[in-house]
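Derivation of every value follows stated rules applied to the coordinates shown; laboratory data play no part. Note that this is a predicted model, so its numbers are computed, not measured.
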Amino acid sequence: LAKDSNRNCVKLFDERLFGTNSTQDSVIEAMRSAIEQDRVSLVYQPIWDVAAGRIRAAEALMRLSAADGTAISPALFIPVAERTGAIVDLGIWACRQACRQLSLTEAIPTISVNVSAVQLRRPNFVETVGAILREAKVAPHRLAIEITEGLEIETDSAVAETIAALKRLGVQIWLDDFGTGFAGLSCLSRISFDTVKVDRLFVQASDTPRGAKMLKDIITLVQNSGQNIVVEGVETGEQVALLKQYGVGLLQGFYFNRPMSADALGLLAARGDRLALGAAVA
Ligand code: C2E
Ligand code: MG
Ligand code: MG
Ligand code: MG
């Protein structure tokens with residue numbers, strides 16, 4: 001089933017962007033021209049410190065519009081870009097954009113960028129990130145790299161070495177989608193992450209006593225590991241109240257904001273408005 005839906009994904013993607021008979025080279029080329037023609041962009045979703053009522057960080061999320069202007073979800077194009085290797089150029093572009101944004105917006109302490117395993121296996125990835133930071137004159141700790149737990153961190157020594165080198169560079173390493181894969185626990189025990197992001201699945205399931213207990217247990221696990229915690233996918237005031245009760249201070253989700261343009265994020269952060277939370281969380 002997973003295989004089939006995967007295949008549909010690729011097909012839908014291929015037809016809309018590349019026609020029906022796309023080869024690997026043509027996909028890479030199409031990605032490259034999408035960058036050149038400004039059809040790739042980043043949007044940013046704030047991560048709120050709810051006690052302070054301020055933006056603590058923002059996650060950069062990639063957007064791609066087809067030549068006809070329709071938006072294509074990263075859930076569709078990222079897996080294809082990973083398979084073809086196009087993610088390498090796209091990922092470098094994203095890092096550079098995010099660092100430029102950091103240099104323009106002092107009011108945002110940190111921006112996180114999603115990075116694929118394919119990128120971490122490239123021998124010069126760390127040097128490239130270092131050069132991008134220097135070029136933008138951004139302090140390394142302001143950039144966070146989000147990696148997904150299913151990442152073969154343990155079995156792939158190249159990936160492990162890259163993560164260690166990124167840490168030496170001073171970049172933050174965040175664990176994304178925690179709780180959704182098989183590698184989560186062993187990841188957490190072997191690598192100390194600056195922040196662990198609990199997947200939105202657990203928030204969505206928290207409207208039953210069983211789901212709420214599961215969410216609490218996952219949160220406690222991360223808290224006890226001594227790593228910072230962000231819960232993503234927060235959509236309702238009830239969820240905010242529950243997460244505050246569980247002691248989670250950093251939240252991200254549609255309840256607060258949808259992902260927004262760089263300009264909108266800059267304005268929001270520069271205004272410095274404190275987040276006004278409703279009665280549910282007072
Ligand atoms: P992710 O890193 O786990 O990103 C969070 C996703 O959840 C985003 O979807 C975001 O729009 C969505 N989201 C945020 N708050 C809520 C909420 O309250 N409710 C719901 N239902 N969803 C929420 P998006 O932007 O479609 O990205 C999907 C995935 O694509 C990301 O998951 C990430 O794995 C991947 N991705 C996005 N941009 C990049 C990139 O630049 N590089 C790489 N390698 N992967 C990327
Ligand atoms: Mg992420
Ligand atoms: Mg995530
Ligand atoms: Mg993800």
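Largest first and to the nearest Å, give the Cα extent of the stretch 34-192 along each principal axis.
45, 40, 31
What is the extension gain from residue 127 to residue 270, computed as 0.36 nm multiplied by their sequence separation minus the C-alpha to C-alpha distance, in nm to one decimal?
Contour length minus the Cα-Cα distance gives 48.3 nm.
Once the principal axes of the Cα atoms of the stretch 75-123 are found, what is the range along each, listed largest first in whole angstroms?
Answer, in whole Å and largest first: 36, 26, 13 Å.
What list of ³J(HN,Hα) values in whole Hz, one per residue of the stretch 109-117 in order, does the Karplus curve 6.51 cos²θ - 1.76 cosθ + 1.60 (θ = phi - 60°) give from phi, with Gly and Pro shown as x?
Here the 3J(HN,Hα) series is x, 9, 10, 9, 10, 6, 10, 8, 4 Hz.
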